[in-house]
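Participant: The structure under discussion is supplied below as structure tokens; questions concerning it will follow.
The values are calculated or read from the model by the stated rules, or taken from the named source; none is laboratory data. Keep in mind that this is a model prediction, so the values were computed, not measured. All Cβ positions, glycine included, derive from the backbone under ideal geometry; neighbour counts span all protein chains shown. All accessible areas refer to the heavy atoms of the entire protein, side chains included, with ligands and DNA or RNA removed. Shrake-Rupley method; radii C 1.70, N 1.55, O 1.52, S 1.80 Å.
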Amino acid sequence: MTERKVTSENLYLLLPGKVSKMAVMYADDFGLPITEALNRIYQSETYRQLEDEETKLWHYGPVALYQMFLEEI
């Protein structure tokens with residue numbers, strides 16, 4: 001069995017699932033359209049850190065990432 005590792009080249013495969021769940025929580029909590037919630041998350045410092053494989057934030061679940069995002073805003 002081949003060991004699979006998360007790298008800067010394949011990290012993008014993990015992000016949509018985490019971001020979409022964060023966006024649903026954000027949209028629900030603040031009464032925003034989902035597109036606005038996505039835009040705000042993608043423009044955030046939390047997302048910039050998440051897409052940097054070296055931070056290892058991809059280990060976190062959507063709820064923990066959402067809490068980080070809320071602390072930022």
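Participant: Calculate what fraction, in whole %, of the accessible area of the chain sits on carbon and sulfur atoms when a 1.4 Å probe is rolled over the protein chains. Walk me through the intermediate numbers first.
Facilitator: Numbers: 2620 of 5040 Å².
Carbon-and-sulfur percentage of accessible area, whole number: 52.
Participant: I'd like the Karplus ³J(HN,Hα) series for region 42-49: coefficients 6.51, -1.76, 1.60, θ = phi - 60°, whole numbers in Hz, and an x wherever there's a Gly or Pro.
Facilitator: 5, 8, 8, 5, 4, 5, 4, 6
Participant: Quick one: 3J(HN,Hα) in Hz for region 54-62, Karplus 6.51/-1.76/1.60 with θ = phi - 60°, rounded, Gly and Pro as x.
Facilitator: Whole-Hz 3J(HN,Hα) from phi for region 54-62: 5, 6, 6, 5, 5, 5, 6, x, x.
Participant: Of Thr46, Phe30, Gly17, which is farthest on the positive side of the dipole of the chain, counting Cα position, with +1 on Lys and Arg Cβ, -1 on Asp and Glu Cβ, and the Cα centre as origin?
Facilitator: Positive-end residue among those listed: Gly17.
Participant: Oh, and also: Of all alpha-carbon pairs in the chain, indicate the percentage at a distance above 19 angstrom.
Facilitator: Working: 808 of 2628 pairs.
Here the tail beyond 19 Å accounts for 31 percent of pairs.
Participant: Which whole-Hz ³J(HN,Hα) couplings does region 14-30 yield from phi under the Karplus relation 6.51 cos²θ - 1.76 cosθ + 1.60, θ = phi - 60°, glycine and proline marked x?
Facilitator: Per residue, the Karplus-derived 3J(HN,Hα) values read 8, 5, x, x, 5, 5, 5, 5, 4, 5, 4, 4, 5, 4, 5, 5, 10 Hz.
Participant: Using a 1.4 Å probe, what is the accessible area per residue for the chain, in Å²? Please list the in-between numbers first.
Facilitator: On the way: 5040 Å² over 73 residues.
In whole numbers, the chain has 69 Å² accessible per residue.
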